[in-house]
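Structure, as structure tokens:
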Amino acid sequence: MKPTTTQAVRGADGKLYRPRLKGAVRRRTVRKLTRWYDRGSSIRDLVSEFNVPLGTVRLYLHEGGANIRPRGDTRRPTPY
């Protein structure tokens, strides 16, 4: 059985590993993550939604050419 993109597999040493995304699957995932991020999702939202580590999400966003927003919730309007 071939694992899905987020399904961990057990290596020869008994540890759990996620398979690396390659080719068309990786390009599709990068485009999807970038689109969601550009529409306002936070990196933490993407981590939980796609079940991918934070560093991987940041790497994919850089690959997709996304403008990384500064830390903190800058999307909220100021109260005055």
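The values are calculated or read from the model by the stated rules, or taken from the named source; none is laboratory data. Owing to the predicted nature of the structure, the values given are computational and were not obtained by experimental measurement. For neighbour counting, all protein chains shown are included, and Cβ atoms are generated from backbone atoms with ideal geometry for every residue, glycine included. These area figures cover heavy atoms from the full protein model, side chains too; ligands, DNA and RNA do not enter into them. Shrake-Rupley method; radii C 1.70, N 1.55, O 1.52, S 1.80 Å.
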task: Scan the range 64-78 for residues that are open to solvent by 100 Å² or more (accessible area, probe 1.4 Å) and modelled with pLDDT of 90 or more and report the count.
output: 1
message: Return the pair list, or none, for Cβ contacts closer than 7 Å from residues in the range 19-44 that are open to solvent by 60 Å² or more (accessible area, probe 1.4 Å) to residues that are assigned to a loop (DSSP other than H, G, I, E, B) and not polar (S, T, N, Q), at least 6 apart or on different chains.
response: Arg31/Gly64; Asp38/Ala66
